[in-house]
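Each remark here refers to the structure printed beneath this line.
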Protein chains: 2
Amino acid sequence: MDAGVVATVRRFSRTVTQRFGALNEHYLGGARPLGEARLLWEIGDGRDLRTLRATLGLDSGYLSRLLRSLEADGLVTVQADAADRRVRVARLTTAGKRERRALDRRSDGVAEAVLAPLSPRQRERLVAAMAEVSQLLRVGMVEVEAVDPGHPDVLPCFQAYFADLAVLFEDGFSPDAVLQPAIEVVLLARLGEATVGCVALYEPEPGVWELKRMWVDSSARGLGLGRRLLAEAEALARQRGASAMRLDTNRSLTGAIALYRSAGFEEVPPFNAEPHAHHWFHKAL
Amino acid sequence: MDAGVVATVRRFSRTVTQRFGALNEHYLGGARPLGEARLLWEIGDGRDLRTLRATLGLDSGYLSRLLRSLEADGLVTVQADAADRRVRVARLTTAGKRERRALDRRSDGVAEAVLAPLSPRQRERLVAAMAEVSQLLRVGMVEVEAVDPGHPDVLPCFQAYFADLAVLFEDGFSPDAVLQPAIEVVLLARLGEATVGCVALYEPEPGVWELKRMWVDSSARGLGLGRRLLAEAEALARQRGASAMRLDTNRSLTGAIALYRSAGFEEVPPFNAEPHAHHWFHKAL
DNA sequence: GGTACTGCCTGACTAGAGTCAGAGAAATGG
DNA sequence: CCATTTCTCTGACTCTAGTCAGGCAGTACC
């Protein structure tokens, strides 16, 4: 990789670490230790310890100790869950909520301090560049995972997909009318906790795999995620013995159509009776 | 400050921390602890402990222990300085240099991993945005400090200034010909260790302060540093009882001339015999 | 009712990153 | 030459952020 480009990235990392490091120390330093602060934040309006452990990736013993410390400061209470008395639920006290707001204000303070020394014009440039960096870094954090169709994260994706279609299709959309194929596998695009995209695959005829319900969340558009899902779907199908891939789509989805064409799909006559389909595509693998 | 802007900055900070944090852990984790790695880096081709303490901001006892640990691993040697045997100098052994290169490669690895998942077009955008962020964050890190003309950092600035002029002036430049006023105070612009700008002040007539040798390093141009130095110079002069400020400049320095005008300076007849001056400016405070 | 399993807590331990108070050797000032 | 200062090192501590093993209470399954 180009040395100048690598140098720019390294310099970026160093500068950001230094700048935010110094300001964090100034604004957050002397306050609560990081572990407790993150916990305080995550408890919010009450969470059971199991969830807290999972989202923060903490050891059970360590979490317990952190909670004892916050409890000693009167910031949280921990009580047994009514339904299952093994499970314990942490809740913020009034003082805890106050502390949480204070942490929040201090984080705002850091952000303001970053912008403060700049002219309005420079601020605009910095904020725009930061937004660009965040977005592009997020691209690299997306992980694509193959799950089976019964996976709990699949249904919400399909529902989000249908909801999007209802808005996009010129001639309306009804989820009940669409074909319900026997889906074999679903690729989920994950960004940390959130699921930001999906595509379903099944094998309508031996050797031919069909793509259904390719969806990318609005928060993750413009990151090339559609292309990536398509590529991973092809790889997966090929790995399972596919010799061809096909899909249908609606004329309103111009972006998707352009993507399919540029990925080597060619338009073919209708191969199914999908009610909302206007274009049918095929690609030999 | 606008909440959306603050949210963008906070999101940026979170995303960058997460992304680089995860990659650093992956590439640098398991290797040498951070403190030792930084020290190894900073020692380079041999540094005395006093300098190391200053640049890394370490406690003397702590530095000593870190060095013992690196010494035990055969990466550095520490010897008394020949001139002053109280001072000790740390040097990398061959193994130490190898280790330092390895750390370096791992840092490159992090940078490459950030770019790897992106398309060429996205990489370009990311690198451009990162450069912009670095530059603008650096603006906020610049500190302006008033020192007296004998300060050791002053002379290198003036020399850099003269070297720049020699390149810029259409009709050449000789440092020996310029006036040598009795400078009262120098403002230095500091960016971490480096001095990236300066301006000298003196009082040729009671109540009138004159600016000389305003310089901004090429690495820090376009950050509004000139304007800031000018503003700080005015503030300092006013504080010391100035009622007016003046300066002269060369016709080749069009950027500087525009800056003076926009800061409220007005062109006046020559008030000195500076050999390289074409324009003379004055501003009532 | 017994057994296995969950969920949580406690005690014991580790590593990194420091801080602080002297002690001792070398240099400097008078 | 002696006192003071400078520079470094050692020993004793601290705080944060964990990990690991074992134990107890509650729930679920047979």
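General remarks:
- Selection within the range A:193-220 - within 11 Å of the chain's Cα centre (by Cα) and among the charged types (D, E, K, R): A:GLU193, A:ASP217
- Filter result for B:ALA189 (within 30 Å of A:THR17 (Cα to Cα) and buried (at least 19 other Cβ atoms within 10 Å of the Cβ)): yes
- If the condition is being more than 7 Å from every other protein chain (Cβ to nearest Cβ) and β-branched (Val, Ile, Thr), then the range A:116-147 contributes A:VAL142, A:VAL144, A:VAL147.
- You will find that of B:ARG32, B:ARG85, B:ARG50, B:ARG11, the residue that is closer than 30 Å to A:SER119 by Cα and not assigned by TED's automatic domain parsing to the domain that holds B:ALA194 is B:ARG11 and no other.
- Some residue of the range A:173-187 being within 14 Å of chain B (Cβ to nearest Cβ), touching a helix residue (DSSP H, G or I) at 6+ places or on another chain (Cβ under 6 Å) and farther than 21 Å from A:THR55 by Cβ: no
- Count of the range A:25-61 residues, restricted to those that are in contact (Cβ under 8 Å) with a residue 12 or more places away in the chain, over 23 Å from A:ALA95 (Cβ atoms) and within 10 Å of DNA strand C (Cβ to nearest atom), is 1.
- Cβ pairs under 6 Å, 6+ apart, first in the range A:1-24 and more than 7 Å from chain B (Cβ to nearest Cβ), second in a helix (DSSP H, G or I) and surrounded by fewer than 19 Cβ atoms within 10 Å (Cβ to Cβ): A:LEU23/A:ALA113
- Filter result for B:VAL133 (more than 20 Å from A:SER134 (Cβ to Cβ) and under 27 Å from the mean Cα position of the chain (by Cα)): no
- Check on A:ALA3, over 20 Å from B:GLY21 (Cβ atoms), modelled with pLDDT under 90 and within 13 Å of DNA strand D (Cβ to nearest atom): no
- Failed item, numbered, when B:VAL208 is tested on (1) within 13 Å of chain A (Cβ to nearest Cβ); (2) of a type in the set (A, V, I, L, M); (3) surrounded by fewer than 20 Cβ atoms within 10 Å (Cβ to Cβ): (1)
- Tally, over the range A:107-136, of residues that are open to solvent by 50 Å² or more (accessible area, probe 1.4 Å) and in contact (Cβ under 8 Å) with a residue 60 or more places away in the chain: 1
- Any hit, the range B:256-279, residues being open to solvent by 30 Å² or more (accessible area, probe 1.4 Å) and within 18 Å of the chain's Cα centre (by Cα): no
Per-residue answers, yes or no, for (1) out of contact with any helix residue (DSSP H, G or I) (no Cβ under 9 Å at 6 or more places or on another chain); (2) β-branched (Val, Ile, Thr):
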{"residue": "B:LEU52", "(1), (2)": "no, no"}
{"residue": "B:GLY61", "(1), (2)": "yes, no"}
{"residue": "B:SER69", "(1), (2)": "no, no"}
{"residue": "B:GLY74", "(1), (2)": "no, no"}
{"residue": "B:VAL89", "(1), (2)": "no, yes"}
{"residue": "B:THR94", "(1), (2)": "yes, yes"}
{"residue": "B:LYS97", "(1), (2)": "yes, no"}
{"residue": "B:ASP108", "(1), (2)": "no, no"}
{"residue": "B:ALA113", "(1), (2)": "no, no"}
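- Verdict on A:ALA160 being aliphatic (A, V, I, L, M) and not assigned by TED's automatic domain parsing to the domain that holds A:VAL196: no
- Boolean, A:SER218 is assigned by TED's automatic domain parsing to the domain that holds A:VAL154 and open to solvent by 60 Å² or more (accessible area, probe 1.4 Å): yes
- Test: residue in the range A:86-96 that is of a type in the set (Lys, Arg), surrounded by 14 or more Cβ atoms within 10 Å (Cβ to Cβ) and within 9 Å of DNA strand C (Cβ to nearest atom): yes
- B:GLN159 fulfils the conditions (1) open to solvent by less than 70 Å² (accessible area, probe 1.4 Å); (2) assigned to a helix (DSSP H, G or I); (3) under 18 Å from B:VAL196 (Cα atoms) except for a single criterion, (1).
- On the stretch given as the range B:223-241, residues that are away from every other protein chain (no Cβ under 14 Å) and surrounded by fewer than 21 Cβ atoms within 10 Å (Cβ to Cβ) total 7.
- Residue within the range A:178-192 that is without any contact (Cβ under 8 Å) to a residue 40 or more places away in the chain, within 22 Å of A:PRO275 (Cα to Cα) and outside any loop (DSSP other than H, G, I, E, B) present: no
The values are calculated or read from the model by the stated rules, or taken from the named source; none is laboratory data. Since the structure is predicted, the reported quantities are computational estimates derived from the model, not experimental observations. A quick note on method: Cβ atoms are made from the backbone with ideal geometry, for glycine too, and the neighbour counts reach across all protein chains shown. Note: areas computed on protein heavy atoms with side chains; ligands, DNA, RNA excluded. Shrake-Rupley method; radii C 1.70, N 1.55, O 1.52, S 1.80 Å.
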